[in-house]
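The values are calculated or read from the model by the stated rules, or taken from the named source; none is laboratory data. Only a predicted model underlies this, so the values are computations on that prediction, with no experimental measurement involved. Cβ atoms come from the backbone with ideal geometry, glycine included; neighbour counts cover every protein chain shown. Please note that ligands, DNA and RNA were not included when accessible areas were found on the heavy atoms of the full protein model with its side chains. Shrake-Rupley method; radii C 1.70, N 1.55, O 1.52, S 1.80 Å.
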Amino acid sequence: MPNWINRINHPVAFTPAAPASTDGLGVAKGDTVAQMVWDAVGRRGSRVCLRQKEFGIWRAMTWDQLGESARDVGMGLIALGFEPGEVISILSNTNREWMQADLGGHVAGGVVNGIYPTDATPQVEYLCADSESVYLFVEDEEQLDKALEVRERLPRLRKIIVFDMEGLRELSDPQVLSFDALRDLGRAHHAAHPELIRQRSAMRGPEDVAILVYTSGTTGKPKGAMISHKNIVVTCRAYNEFAPQTEFDERMAFLPLCHIAERIGGEYFPLYTGSIINFVENPDTVPENVREIQPTTFTAVPRVWEKFYSGVLIRVRESTLLQQAAYAWAIGVGMKRARLIEDGEVVPSSLEMKFRIARFLALDNIRRLIGVNRARILLTGAAPISPDLVRWYLALGLPMVEVWGMTESCGAVTSNPIGRIKPGSIGTATRHAEVKLSPEGELLVRGDSVFMGYLNQPEKTAETIIDGWLHTGDVGRVDEDGYFYISDRMKDIIITAGGKNITPSEFENQLKFSPYITDAVVIGDKRAYLSCLVMVDHENLEQWAQENSIPFSDYKSLTRRPEVIHLIGAEVERVNKLFARVEQIKQFRLIETKLTAEDEELTPTMKLKRKLVNEKYKDLIDSMYTKAA
């Protein structure tokens with residue numbers, strides 16, 4: 001029988017969220033990524049920079065060692081003929097080698113492009129060709145196969161460097177080089193030319209392109225956003241104002257490093273502040289790794305926060321009546337406190353005392369169960385999140401800060417102030433950016449973090465940056481306190497057959513608050529009523545079915561069970577009660593295929609692609625609008 005609620009023999013003392021210590025070694029100086037690298041290494045030396053788990057053991061790397069690896073990679077590239085301003089691409093999962101290759105490219109004076117490891121071979125070919133990459137780093141044999149399949153159509157590609165040579169020891173290919181061999185070459189080249197790496201590092205300035213980040217190609221071919229060194233440095237400085245960190249902080253890296261959120265927040269921001277990066281084993285081990293690491297700051301997408309929440313609810317339902325009562329009382333106290341903080345009111349000392357007891361009885365054990373008991377701040381972004389989910393984390397005593405930005409703004413440009421979080425909002429504009437609404441309600445951004453434009457697509461750049469303002473495509477509003485709220489993407493707003501404008505994300509976010517629903521897409525453009533496609537949470541739903549003796553053989557059979565359909569129907573009805581009749585869902589269908597990051601319907605941050613879902617599941621959608629439905 002679970003005893004996770006009443007493990008209170010050694011409770012953690014109550015400590016309210018506080019800013020990061022200011023007694024550290026300071027932030028890295030410099031106006032380019034390369035300058036930050038050398039300054040960070042010089043000021044932090046033998047301190048731990050990052051960790052990565054190998055064969056069950058977390059192995060640390062110091063800043064000195066990171067500097068050596070970046071130098072070796074950079075000099076190895078130079079020895080191979082790499083010129084300033086040329087592009088390298090990295091095709092790998094998030095790991096320390098990704099970071100080493102990235103920083104090596106920068107100190108050699110290059111531009112670095114990331115490719116999602118889930119991208120198919122034709123996408124790898126397009127991204128390497130469009131970016132004119134001359135060197136390609138790949139993680140392992142699986143990723144190497146993609147490169148080898150298309151290399152004959154990539155005449156600019158000179159070498160393919162492999163991080164993990166397992167299974168490839170007997171490979172003899174003049175175009176393929178191991179990561180270790182590249183570093184050996186770099187060490188030898190540095191011994192012969194000890195001043196060269198610093199000279200090459202100085203060849204790129206703040207206004208030069210630093211990285212390429214390719215945005216989704218669901219409405220056309222992918223666009224390579226050109227992000228400058230100035231964009232990156234300005235954003236890092238801004239991050240340290242609304243979510244300050246030092247080398248005493250621990251954080252996790254597990255989102256794709258080719259995505260702007262992890263690239264800035266998970267790599268360059270720690271480079272700037274000195275906070276320790278912990279690379280998880282793989283995306284599936286995040287729940288286990290977070291409990292091992294107990295990060296002090298934790299950035300994740302809503303999908304992760306939803307999974308943690310639903311896991312806790314399942315554990316509560318498995319517990320005894322006494323434990324359930326303890327949780328209900330404790331979370332209720334936390335909610336009262338969170339509401340007062342949300343409204344900007346003073347929390348009475350009597351309620352603070354109750355909250356300490358609530359943490360002692362249950363909430364601290366929930367925090368430990370998730371792995372966030374040491375966390376000072378939780379950050380969420382990249383997709384909308386349910387306001388009630390934010391309030392739940394606030395009720396645990398954890399400030400959850402929703403931020404908003406995009407690739408073209410080089411990451412977040414709005415943030416909820418830690419001391420005055422408004423769930424449902426994306427916060428106020430950070431000091432490094434101006435944010436305003438157009439007459440049509442579109443959010444516009446201007447500032448030094450706005451990207452340089454799209455590579456090889458000047459017409460798309462001209463459509464996106466108009467009179468110095470980045471047109472984001474997000475529709476929203478701003479309240480009297482300067483807090484912005486996102487309604488939806490302009491292209492996603494539904495206009496029903498009756499002429500009613502519907503913002504689907506509001507309904508979808510409420511639906512995703514269910515422990516049995518992972519994602520949802522509301523349908524209804526030019527239709528008589530709204531319908532919905534639902535992606536269920538396999539793990540939680542499977543457990544529910546087993547507890548209720550509902551037979552099933554696989555994922556598809558599970559989604560077809562009448563009891564499951566009834567369960568999801570009840571969740572839809574629960575959310576329907578929160579909306580006007582015209583905004584309610586009349587029909588829904590379950591997606592019967594278990595989707596993963598490799599499936600085209602999902603983005604790398606595990607969001608359903610609305611346009612593609614509408615196309616791929618057209619027959620299923622149409623079935624909700626037949627007379628029989």
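Return yes or no: is Glu288 touching a residue at least 40 places away in the same chain (Cβ under 8 Å) and surrounded by fewer than 23 Cβ atoms within 10 Å (Cβ to Cβ)? Criteria not met by Glu288. Taking every residue in the range 336-363 that is within 14 Å of Gly397 (Cβ to Cβ) and pairing it with any residue that is hydroxyl-bearing (Ser, Thr, Tyr), at least 6 positions away or on another chain, the pairs with Cβ-Cβ distances below 9 Å are Ala338/Tyr393; Leu361/Tyr327; Ala362/Tyr327; Leu363/Tyr327.
Only helices (runs of 4 or more DSSP H) whose full extent lies in the range 252-342 are considered here, and the ones with at least 2 residues that are aromatic (Phe, Trp, Tyr) are 269-273, 302-318, 321-342. Filter the range 159-183 for residues that are surrounded by 14 or more Cβ atoms within 10 Å (Cβ to Cβ) and either under 30 Å from Lys230 (Cβ atoms) or not aliphatic (A, V, I, L, M) (or both) and give the result. Those that are surrounded by 14 or more Cβ atoms within 10 Å (Cβ to Cβ) and either under 30 Å from Lys230 (Cβ atoms) or not aliphatic (A, V, I, L, M) (or both): Lys159, Ile161, Phe163, Asp164, Ser178, Phe179, Leu182, Arg183. Right, Gly74: under 24 Å from Gly266 (Cβ atoms), open to solvent by less than 30 Å² (accessible area, probe 1.4 Å), in contact (Cβ under 8 Å) with a residue 60 or more places away in the chain and part of a helix (DSSP H, G or I) or not? So Gly74 fits the description; yes.
Matching residues to (1) in a strand (DSSP E or B); (2) in contact (Cβ under 8 Å) with a residue 12 or more places away in the chain:
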residue: Val134; (1), (2): yes, yes
residue: Leu144; (1), (2): no, yes
residue: Ala147; (1), (2): no, yes
residue: Gly167; (1), (2): no, yes
residue: Pro174; (1), (2): no, no
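Reported count of residues in the range 94-122, each being among the small types (Gly, Ala, Ser), in a loop (DSSP other than H, G, I, E, B) and surrounded by 22 or more Cβ atoms within 10 Å (Cβ to Cβ), is 3. Scanning the range 457-471 for any residue that is open to solvent by less than 10 Å² (accessible area, probe 1.4 Å), aliphatic (A, V, I, L, M) and touching a residue at least 40 places away in the same chain (Cβ under 8 Å) turns up at least one such residue.
Looking at the range 38-71, which of the residues that are farther than 19 Å from Tyr272 by Cβ and part of a helix (DSSP H, G or I) is least open to solvent (accessible area, probe 1.4 Å)? Of everything passing the filter in the range 38-71, Arg71 is least open to solvent (accessible area, probe 1.4 Å).
When you check Asp488 against the structure, is it assigned to a loop (DSSP other than H, G, I, E, B), without any contact (Cβ under 8 Å) to a residue 40 or more places away in the chain and either surrounded by 15 or more Cβ atoms within 10 Å (Cβ to Cβ) or among the aromatic types (Phe, Trp, Tyr) (or both), yes or no?
On the way: assigned to a loop (DSSP other than H, G, I, E, B): no; without any contact (Cβ under 8 Å) to a residue 40 or more places away in the chain: yes; either surrounded by 15 or more Cβ atoms within 10 Å (Cβ to Cβ) or among the aromatic types (Phe, Trp, Tyr) (or both): yes.
For Asp488, the condition - assigned to a loop (DSSP other than H, G, I, E, B), without any contact (Cβ under 8 Å) to a residue 40 or more places away in the chain and either surrounded by 15 or more Cβ atoms within 10 Å (Cβ to Cβ) or among the aromatic types (Phe, Trp, Tyr) (or both) - is not met.
Annotation note: of Ile293, Ile314, Ile331, Ile341, the sole residue that is over 18 Å from Glu402 (Cα atoms) and modelled with pLDDT under 90 is Ile314.
If we keep just the residues of the range 51-79 that are small (Gly, Ala, Ser) and out of contact with any strand residue (DSSP E or B) (no Cβ under 6 Å at 6 or more places or on another chain), which is farthest from Phe254 (Cα to Cα)?
From the range 51-79, those small (Gly, Ala, Ser) are 56, 60, 67, 69-70, 74, 76, 79; that's our starting set.
Next, from what is left, pick out any that are out of contact with any strand residue (DSSP E or B) (no Cβ under 6 Å at 6 or more places or on another chain): 56, 67, 69-70, 74, 76, 79.
Details: Gly56: 17, Gly67: 22, Ser69: 21, Ala70: 21, Gly74: 25, Gly76: 27, Ala79: 32 Å.
By that ranking, first place goes to Ala79.
From the list Lys616, Lys594, Lys609, Lys586, the lone residue that is over 29 Å from Glu262 (Cα atoms), modelled with pLDDT under 90 and open to solvent by 40 Å² or more (accessible area, probe 1.4 Å) is Lys616. The condition (being at pLDDT 95 or above and of a type outside the set (Gly, Ala, Ser)) is satisfied by just one residue among Glu463, Glu440, Glu408: Glu408. Screening the range 231-264 for residues that are among the small types (Gly, Ala, Ser) and in contact with a Gly (Cβ under 7 Å, 6 or more places away or on another chain) and picking the one that is nearest to Ser449 (Cα to Cα) gives Ala261.
Matching residues to (1) under 30 Å from Lys230 (Cα atoms); (2) within 27 Å of the chain's Cα centre (by Cα); (3) open to solvent by 20 Å² or more (accessible area, probe 1.4 Å):
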site	(1), (2), (3)
Ile314	no, yes, no
Thr320	no, no, yes
Val372	no, yes, no
Arg376	yes, yes, yes
Ala395	no, yes, no
Val403	yes, yes, yes
Gly411	yes, yes, no
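Scan the range 391-439 for residues that are of a type in the set (Lys, Arg) and part of a loop (DSSP other than H, G, I, E, B) and the total you get is 3. In this structure, is Ala545 more than 15 Å from Ser623 (Cα to Cα), open to solvent by less than 10 Å² (accessible area, probe 1.4 Å) and over 29 Å from the mean Cα position of the chain (by Cα)? In short, yes.
Can you tell me which residue among Arg156, Arg187 is at pLDDT 95 or above, surrounded by fewer than 17 Cβ atoms within 10 Å (Cβ to Cβ) and not in a loop (DSSP other than H, G, I, E, B)?
Answer to the selection: Arg187.
Among residues of the range 558-583 being modelled with pLDDT of 90 or more and of a type in the set (Gly, Ala, Ser), the one that is farthest from Thr496 (Cα to Cα) is Ala570. Among the residues of the range 525-542, which ones are touching a strand residue (DSSP E or B) at 6+ places or on another chain (Cβ under 7 Å) and modelled with pLDDT of 85 or more? Those that are touching a strand residue (DSSP E or B) at 6+ places or on another chain (Cβ under 7 Å) and modelled with pLDDT of 85 or more: Tyr529, Leu530, Ser531, Cys532, Leu533, Val534, Met535, Val536, Asp537. Scanning the range 472-485 for residues being surrounded by fewer than 16 Cβ atoms within 10 Å (Cβ to Cβ) and in contact (Cβ under 8 Å) with a residue 24 or more places away in the chain gives a total of 5. Tallying residues that are touching a residue at least 24 places away in the same chain (Cβ under 8 Å), open to solvent by 60 Å² or more (accessible area, probe 1.4 Å) and either of a type in the set (D, E, K, R) or in contact with a Leu (Cβ under 8 Å, 6 or more places away or on another chain) (or both) within the range 190-236 yields 3.
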